[in-house]
Structure formats: C-alpha cells, structure tokens
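Notes follow the structure.
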Amino acid sequence: MEKFNNVLDFARKTIETELYSLGKLTDYLDDNFSQAVEAILQSKGRVVITGIGKSAIIAQKIVATMNSTGTPAIFMHAADAIHGDLGMIQSSDVVVCISKSGNTPEIKVLVPLLKRDQNPLIAITANKESFLATQSDYVLYAYTEREACPNNLAPTTSTTSQLVIGDALAVALMQVKAFGSADFAKYHPGGALGKRLYLTVGEAIAKNQVPVVTPETDVKQVIVEISQKMLGVTAVLDGERIVGVITDGDIRRMLSRYEDIKGLHARNIMSLHPKTIEADVLAVDALDFMQNHKITQLLVTQNQRYIGVIHLHNLIQEGII
C-alpha cells in the first residue's frame, strides 16, 4: 500500500509541476503572439512546423490541429530538412520552429537555411536568448521552470508548454477567421464527430420503415404495424394530417386497462398532439429534444408532411450518442 501511495504522490507532483508552468504561460504572451498570428493570416501559403526529438512529435500534433481548424499546415522534421526536405517550403509559407533550448546542433544548421528565402520564422522556445530566438521574427515563449521528470531531463513540462502554445495559435486563428461549426464539419466528415455536425434527421431515418395507421385501424392491426416496422411507435394519420401517435407504452396501458380489446380502434388509444421534428434538423438536435422531453422517438415531417420516425436507436447506430 505504501508503494501505491508513493506512485500517486509521484503522479500528483508531475501534474502540479506542469500546471505551474502552464499557469505562467499567459504572463509571457506579448505582441510577438499577435504578430505571429497576423503573419500567418497574411500568408498565402501554409504553416510549416518543424522540430527535432520530442518537439518534432509536438509539431506533428499542432499540424494536425491547424489542418482540422482551417489553417493549412505541414510537418517537416528538422533533421530531414537539412538532408533534402527543405524543398517542401514554398516562398509564401510561414515556418514555425519548436525547440526547448533553441541551441541544438540541428537547429543551428537549419535556421540560417530557413532565413535564406526570407520566410517569416516563428520560434516556440523556452530560451529567449537562444540562437533560434535571436534569429526568429517572432518568439513565443514556452516557459519551463523545470521538467516534471525527477532528474529534470526528460521532456515533460517543456513539451506540454509547447503544445499549449500551439493550441493557442490554432484557436486564435480559428476565432480571427470566424471558423465555425459548419466549417469544422467540412474537415471532419467521418466518424461520430462529423456526423454530429452535419447529419440531419432525414438522413438518419433514410433506411427506416414508415409506420402509419388511420384513426379507424383495428388495434390488432395497430400492434402488427408497430411490430413489423420495429420502431416502437406508429403515427396516426387522417389523410395527410397527423392526428395522434401510438407507442409500445400505449399498447401496454391498453392491455392493462381492457380485458377485451375487440372493437377498439387506433382513435381509442392514441395520444394526441405528438412531438414532431423537421427532416432538415440536425440529428444531434433531435437527441437534445428527446432528452429534454424524456422520449425515445419523434415523428418526422418534411414541409409539414409526415415521412417517418426517428428513434434513439438510430442515433446510437450513427454514433451521435
């Protein structure tokens, strides 16, 4: 048990150390940050992000974040850059170089090559006096008092700080560009995230059967209709007008109320004023509506005409939940 408690203490200390450094980052934001954002906005090219070691891994994550939020970006490994990959940088690109010390041999070789074609150079570093910082156009200070590593060696706090600065850049660019949820959906068309942003109710029910009865339908046929269409509900239509709804719950209540159901019709057991939703509404909004009203299905309309049912199971199958 004592050993286990020590492990928890180590974990807490790691988190506290990193949180302390992250809390200081806001104090070191200055005009360099806003000018770096402006340089990226004014650029007609991409953001090329480079680094070496653990900083290279952070660079790749920042590239992914920028690409998914509307800022075209590519990754270039600092070591590979000096062996041919510099050719990926175009004259209109902005370069971001990430290095804790700013003085590694690869960085000292790379920076003059980056400056050669006058691409704007943004440094993310924990050393404002470093070679990288003094050679860059904009310096984003990734404050690191010490690493969370007990030996103050393994990149931990420093890489977390770099990542947070990169996130701040990406989010600031999003907000200045007014990059909204509709834009986000374009870059995330697959998976649950994309579906939450673009899938409509009409698309979610495309493969559903359409349960429907009339007010005069015999209750036995109502039960058959609900069972066959497998949505736990049927709409009751008078012509094209929705006049009611019958759910599995209505059937159970009917069976507990009547010993003999012979002679009963849909109009005798239907619920009036059913909840409906338009087909062009986002499926995620249908989920919110269901949760707020504590129901599991909604009648779907298109131009006020009944076209089917959306069930909670549809939203589960689509990954909305």
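Computed over segment 180-321, the convex hull of the alpha-carbon atoms projects to a mean area of 8.9 nm². Model label points for LEU19 and ARG116, set 7 angstrom from Cα along the Cα-to-Cβ axis, are 4.8 nm apart. Taking every protein chain into account, the accessible area of the chain amounts to 53 square angstrom per residue (probe 1.4 Å). For THR104, no residue 5 or more places off, or on another chain, has a built amide H under 5 Å of its own. Here the scattering of segment 57-109 is modelled by Debye summation over its C-alpha atoms, one equal scatterer each and no solvent; at q = 0.14, 0.25 Å⁻¹ the log10 of I(q)/I(0) is -0.40, -1.13. Evaluating 6.51 cos²θ - 1.76 cosθ + 1.60 at θ = phi - 60° for every residue in segment 207-218, the Karplus couplings come out as 9, 6, 6, 10, x, 7, 9, 9, x, 8, 5, 4 Hz, glycine and proline recorded as x. Expressed as a whole percent, the accessible area of the chain that falls on carbon and sulfur atoms is 53 (1.4 Å probe). Backbone phi angles across segment 29-45, fed through the Karplus curve with coefficients 6.51, -1.76 and 1.60 (θ = phi - 60°), yield HN-Hα couplings of 5, 8, 4, 4, 5, 5, 5, 5, 4, 5, 4, 5, 4, 7, 5, 8, x Hz in residue order; Gly and Pro are listed as x. In a simple Cβ point-charge model (Lys, Arg +1; Asp, Glu -1; nothing else charged), the chain has a dipole of about 380 debye relative to its Cα centre.
All Cα-Cα distances of segment 94-153, cut into 5 Å bins from zero to the largest, leave 4, 21, 29, 22, 12, 7, 4, 1, 0 percent in each bin in turn.
Length available on full extension from GLU240 to ARG252: 0.36 nm per residue minus the Cα-Cα distance, which gives 1.6 nm.
Spin-label model, ASP85 to LYS262: label points 7 Å out along the Cα-to-beta-carbon direction sit 8.3 nm apart. Can you give the FRET efficiency to the nearest 0.05 for ALA154 and LYS128, using r as the Cβ-Cβ distance and R₀ = 35 Å? Result of the calculation: an efficiency of 0.95.
Look at the alpha carbon pairs under 8 Å that are at least 6 residues apart: their mean separation over the length of the chain gives a relative contact order of 14 percent.
Contact order, relative form, for segment 106-158: 26 percent (alpha carbon pairs under 8 Å, 6 or more residues apart, mean separation divided by residue count). Taking amide H as placed 1.01 Å from N in the peptide plane, VAL281 has its amide H under 5 Å from the amide H of VAL201, GLY202, each at least 5 places away in sequence or on another chain. Dipole magnitude for segment 7-137: computed about the Cα centre from +1 point charges on Lys and Arg Cβ and -1 point charges on Asp and Glu Cβ, it is near 200 debye.
Taking a straight Cα-Cα cut-off under 18 Å and skipping sequence neighbours fewer than 8 places away in the same chain, the lysines within cross-link reach of LYS177 are LYS44, LYS186. Our helix-only sum for the chain, with -39,500 (n - 2.57) per DSSP H run of n ≥ 4 divided by its residues, gives a mean residue ellipticity at 222 nm of -14000 deg cm²/dmol.
When the alpha carbon gyration tensor of segment 190-262 is reduced to an equivalent ellipsoid, its three semi-axes come out at 31, 14, 10 angstrom, largest first. Spacing of the modelled spin labels on GLN60 and ASN103, each 7 Å from Cα toward Cβ, amounts to 2.9 nm. The alpha-carbon of LYS24 sits under 18 angstrom from the alpha-carbons of these aspartates and glutamates, leaving out residues fewer than 8 places away in its chain: GLU16, GLU145, GLU147, ASP167. Taking the C-alpha atoms only, the angle from helix 105-116 to the longest principal axis of the chain is near 80 degrees. When you filter the GluC sites (Glu not before Pro) in segment 246-321 for DSSP loop state and at most 10 other Cβ atoms inside 10 Å of their Cβ, you are left with GLU259.
Considering the options ILE223, GLY51, LEU173, tell which one lies farthest towards the positive end of the dipole of the chain, charges being +1 on Lys and Arg and -1 on Asp and Glu at the Cβ, about the Cα centre. In the chain, that residue is ILE223.
Here is the P(r) of the chain: all C-alpha pair distances, binned every 10 Å from 0, give 6, 20, 19, 13, 12, 12, 11, 6, 1, 0 in whole percents. Taking a point 7 Å from the Cα of LYS44 along the Cα-to-Cβ direction, the residues of segment 90-111 with backbone N closer than 14 Å to it are 90-94.
Of all beta bridges that DSSP places with both ends in segment 183-304, some 65 percent have antiparallel geometry. Extension gain, VAL176 to THR214, is 8.2 nm, computed as 0.36 nm per intervening residue step minus the present C-alpha separation.
For LYS294, the lysines whose Cα falls under 16 Å of its own Cα, not counting residues fewer than eight places away in the same chain, are LYS275.
Against the main long axis of the alpha-carbon atoms of the chain, helix 248-257 sits at an angle near 40°.
The values are calculated or read from the model by the stated rules, or taken from the named source; none is laboratory data. The model shown is predicted, which means the values in this text are computed figures rather than measured ones. Reconstructed Cβ throughout: ideal geometry from the backbone, glycine too, with neighbour counts over all protein chains shown. Please note that ligands, DNA and RNA were not included when accessible areas were found on the heavy atoms of the full protein model with its side chains. Shrake-Rupley method; radii C 1.70, N 1.55, O 1.52, S 1.80 Å.
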